[in-house]
Amino acid sequence: MKRGHIIALGVFIALILLVSLGITFVGKVPMTTDVRPLGLFYLKNSYFGNYAARSPEVVTSILWDYRGLDTLFETGVFFLAIISALALFRIEKKEEKVKEKGEGFTFIVKDTVRIISVLIVAVSAAIALHGHLTPGGGFQGGSALAVVPLLIIVAFSKYALEGRGLTKDTAMIVRSIGLISIIILVLIPLAAGGYLMQNLPVFPSHILGQLTSGSLVFYNLFEYIAVGAGFTAVFLLLSIPEKVFHKIIGGEKE
Amino acid sequence: MMEHLPALIIAIPLLGAFAAPLFKRHHKAVSIWAILITGITLIVSLLLTREVLVKGILVYVFGAKSPTLVLPSGYKVPIRIMFEVDALGAFMAISATLMSFVGALYSYSHVAHESGLEKYYSLLLLLEVGILGMVLTGDLFNLFVFMEIAGISGAALVGFRSYRGEASEAGIKYLIISAVASLMVLFSVALLYGEYGNLNLAYIAKNIKFGVVDLIAFGLLFTSFAMKCGAVPMHYWVPDAYTEIPAGGNPPLLVATYANLYALFRVSFTLFTNIVINISRAGWIMVILGVLTMFIGVTMALVQKDVKRLMSYHAISQTGYMLLGVGVGLTVLHDPSKLMEFGRDAIAGGLFHVINHIIYKSLLLMTAGALFYVTGTRNLDNMGGLARKMPITTISFMIGAAAISGLPPFNGFASKLIIYETSYMLNPILTVFAMVTSILTLASFVKVFASAFLGPPLKKYENVKEVPKPMLIAMIILAALCVIFGLFPKIILDKLIYPAADALINYLQYHSWGGLA
């Protein structure tokens, strides 16, 4: 870094600090210690009351009920990020296997990964499907699920996944199915004479005596599938060796 | 079903985008899918506009019937996200859906030889979703979410030809600009939420008190939207982005730029309008930005040799006219006599120029894309004598060039005339700048016409043929619109533009959710 750059950076940081201090003290940002009226409403009405989402977990009821549209489109942003990455680094030709010498990890690592993977699938499913009861939800569960392919890539190789049919393309198809299911969930209330993204009373709050909080459990389920598959696709993309990209797309080398 | 139109208009392209990756390796099928989806969305937007013009502001609450809820403490707040569609939003929605349709149609042939088309169309449809969400939403945080969608999909489209180094660089530039702008918007939304405890646009606008924090939020919102609509001095990303995006993506990307302009207008007119004294100052800032933008843009366009880059600099310059027109209206917003005398017409002129510019600039960029399609170059020095080989492209270019230079009887003349007349009422110097810009624009397009289309036929282009039919149809649609809008400006103004201008002026209507509150 040149000296001028350091000075410029220093001035910049000082300016930011100055402005934020200015906003705090001169601008008199209201520093409320109470819960805001709107927040109070959400807290009180997540499970009880006529406007409730029938979910004891306030965050999930805000995410998929009160501000469901934002969450739907944040899902869209995530879809967009991954499809952009896949579009910019698209490899349409069949990529060659890059053979490395050596025997890989010992059986200790490989067997541990086999056992842990099953456990992770179970835990992540629990995080996602209990999203309306306890902290967690589709996105968190899906991110946890995506640890499984990541572990397999590290312990075996990405070709172990692709050899069993889990390629980027299959992951994207699974993802699209998950997302289309979400859109169908959004549209279902129309058929029942309700409003888009409506939760209760279009969806039943209990199924077979189990609390499902209307549509929340379904949103979490499909989000879980979509996010898990999306992360898998991007991990598979990231694990392609750089020399393959150089060969196919071109670009500068070090 | 009619009441659900504001929601369906974003649900349909979103479904199209989510489903597009399923068409892997079926390139024809995914192109037709995109044309179909954008076509349906266009019809929905026309129906929506008819509803809005007949019934006034439409409010759509996601997940419930009524926008507000009275708490037991008597506190009346909106608790859900809502879409609030007024005539201005509907007008932008028509522009967005029309241009996405034309872009998809043009792309059918233009990118047919590229790989990864299902991703291209997925991005194109998401760009449309982002624009539509931005112009229809009535919620500040939601506006940020849609801005993010439009920004990221636009950046990915700009960099789509990733085997070209320039495309990757342009994509990264656009991505950084979008990220900075949307983070600044998020920050100011957080400031406003911290102060008023709600995210609903109308609710905040009604309760705004205008302290220092609001001033900072206004400044940040104004700057970030001005940055993303390519106003000088934040225009540097425009030429790169418009040049490198495949020409079929140009029309929606143009509308995405003007969706940010819409947000700028919405914030200035609707959100911060209760500031009686300072809003005219903001109007003057907008006017001066507009004059600078139009003049600097056109002077930089004059020296360009790359045909798409040249047109992109003109796009910057034309944005200046819109800022000038609407800015003139904003300066006199709280002065009823002046508003009636010329303010309302100025706003209408600025908004009319938005749609006119979207039409003719898309047309021009698409003819540039057609030149690139047949010659493989964008350098004007290497072209020549193409008029005889490509008659329809040539005529489309002539119509577009005449429109952008403000020659009668094309649409550019209609809106520029209104802007000349109204800005003259505010200050004659503004009009001088606007007219000089227009003359320079004409000069620059004469140069393009002469070097690309006229002159002796070049040997290397002996076997050149006219571009494929879908591209021609897309260009003919827009050329026809240029002529129609130019010949019958009164009908368009009365049916579409003046209602939109009135929607900006009658902000109280927006604040009350169209009378629901």
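The values are calculated or read from the model by the stated rules, or taken from the named source; none is laboratory data. Model, not experiment: these values are computed from the prediction. When we count neighbours, we look across all protein chains shown, and the Cβ atoms used for this are built from the backbone with ideal geometry, even at glycine.
Of the residues that make up the range A:80-89, is at least one in contact with a strand residue (DSSP E or B) (Cβ under 8 Å, 6 or more places away or on another chain) and not β-branched (V, I, T)? Walk me through how you get there before you give the answer.
We begin by selecting, within the range A:80-89, every residue in contact with a strand residue (DSSP E or B) (Cβ under 8 Å, 6 or more places away or on another chain); these are none.
Scanning the range A:80-89, I find no residue that is in contact with a strand residue (DSSP E or B) (Cβ under 8 Å, 6 or more places away or on another chain) and not β-branched (V, I, T), so the answer is no.
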Quiz item: Which members of the range A:160-210 meet the condition of being crowded, with 16+ Cβ neighbours inside 10 Å and over 30 Å from A:A81 (Cα atoms)?
Solution: A:G194, A:L200, A:V202, A:F203, A:S205
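Residues to consider are B:G406, B:G376, B:G384; find the one that is surrounded by fewer than 22 Cβ atoms within 10 Å (Cβ to Cβ) and farther than 21 Å from B:E244 by Cβ.
Working: B:G406 fails: surrounded by fewer than 22 Cβ atoms within 10 Å (Cβ to Cβ); B:G376 fails: farther than 21 Å from B:E244 by Cβ.
Residue meeting the stated conditions: B:G384.
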Exercise. For the range B:10-25, name all the residues that are within 21 Å of B:T137 (Cα to Cα) and of a type in the set (G, A, S).
Key: B:A11, B:G16, B:A17
Quiz item: Is it the case that A:I83 is within 11 Å of chain B (Cβ to nearest Cβ) and either part of a loop (DSSP other than H, G, I, E, B) or closer than 15 Å to A:N199 by Cα (or both)?
Solution: no
Quiz item: Is there a residue in the range B:434-444 that is surrounded by fewer than 16 Cβ atoms within 10 Å (Cβ to Cβ), out of contact with any helix residue (DSSP H, G or I) (no Cβ under 6 Å at 6 or more places or on another chain) and not hydrophobic (A, V, I, L, M, F, W, C)?
Solution: no
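In the range B:209-221, how many residues are out of contact with any Phe, Trp or Tyr (no Cβ under 7 Å at 6 or more places or on another chain) and crowded, with 20+ Cβ neighbours inside 10 Å?
At the first step, the residues of the range B:209-221 found to be out of contact with any Phe, Trp or Tyr (no Cβ under 7 Å at 6 or more places or on another chain) are B:209-217, B:219, B:221.
Of the ones still in play, those that are also crowded, with 20+ Cβ neighbours inside 10 Å are B:213-214, B:217, B:221.
Of the residues in that region, 4 qualify.
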Quiz item: Can A:S176 be described as within 14 Å of another protein chain (Cβ to nearest Cβ) and part of a helix (DSSP H, G or I)?
Solution: yes
Exercise. Determine which member of the set A:I83, A:I108, A:I120 is modelled with pLDDT of 95 or more and within 27 Å of A:A144 (Cβ to Cβ).
Key: A:I120
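Between B:S45, B:S109, B:S95, which is more than 14 Å from chain A (Cβ to nearest Cβ) and touching a Pro at 6+ places or on another chain (Cβ under 6 Å)?
Working: B:S45 fails: touching a Pro at 6+ places or on another chain (Cβ under 6 Å); B:S95 fails: touching a Pro at 6+ places or on another chain (Cβ under 6 Å).
When all the criteria are applied, what remains is B:S109.
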Self-check item: Given (1) surrounded by fewer than 17 Cβ atoms within 10 Å (Cβ to Cβ); (2) outside any helix (DSSP H, G or I); (3) in contact with a Gly (Cβ under 9 Å, 6 or more places away or on another chain); (4) of a type in the set (D, E, K, R), index of the condition A:R90 fails
Solution: (1)
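Residue by residue, here is whether (1) at pLDDT 95 or above; (2) not aliphatic (A, V, I, L, M) holds:
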residue	(1), (2)
B:E3	no, yes
B:K28	no, yes
B:L36	yes, no
B:L42	yes, no
B:L58	no, no
B:G63	no, yes
B:G74	no, yes
Practice problem: Starting from the range B:14-31, take each residue that is under 20 Å from B:S153 (Cα atoms) and within 7 Å of chain A (Cβ to nearest Cβ) and list its partners that are of a type in the set (D, E, K, R) and assigned to a helix (DSSP H, G or I), counting only C-beta distances under 6 angstrom and pairs at least six apart or across chains. | Solution: B:P21/B:E118; B:K24/A:D169; B:K24/B:E118
Quiz item: Cβ-Cβ below 6 Å, separation at least six or inter-chain, first residue in the range A:231-254 and farther than 14 Å from A:V154 by Cβ and of a type outside the set (V, I, T), second surrounded by fewer than 16 Cβ atoms within 10 Å (Cβ to Cβ) and modelled with pLDDT under 90: which pairs?
Solution: A:P241/A:V98
Quiz item: When the residues of the range B:222-245 are filtered to those that are buried (at least 22 other Cβ atoms within 10 Å of the Cβ) and within 14 Å of chain A (Cβ to nearest Cβ), which remaining residue is nearest to the chain's Cα centre (by Cα)?
Solution: B:I245
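Out of curiosity, is A:F139 in contact (Cβ under 8 Å) with a residue 40 or more places away in the chain and either outside the structural domain of A:V217 (by TED's automatic domain parsing) or farther than 30 Å from B:L15 by Cβ (or both)? Walk me through it before giving the result.
Working: in contact (Cβ under 8 Å) with a residue 40 or more places away in the chain: yes; either outside the structural domain of A:V217 (by TED's automatic domain parsing) or farther than 30 Å from B:L15 by Cβ (or both): no.
Taking the combined requirement at face value, the residue does not satisfy it.
Residue-wise test of (1) among the small types (G, A, S); (2) within 30 Å of B:F83 (Cα to Cα); (3) part of a helix (DSSP H, G or I); (4) out of contact with any Phe, Trp or Tyr (no Cβ under 6 Å at 6 or more places or on another chain).
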| residue | (1), (2), (3), (4) |
| --- | --- |
| B:L442 | no, no, yes, yes |
| B:V446 | no, no, yes, yes |
| B:A452 | yes, no, yes, yes |
| B:P457 | no, no, no, yes |
| B:V464 | no, no, no, yes |
| B:V483 | no, no, yes, yes |
| B:Y498 | no, yes, yes, yes |
| B:D502 | no, yes, yes, yes |
| B:G515 | yes, yes, no, yes |
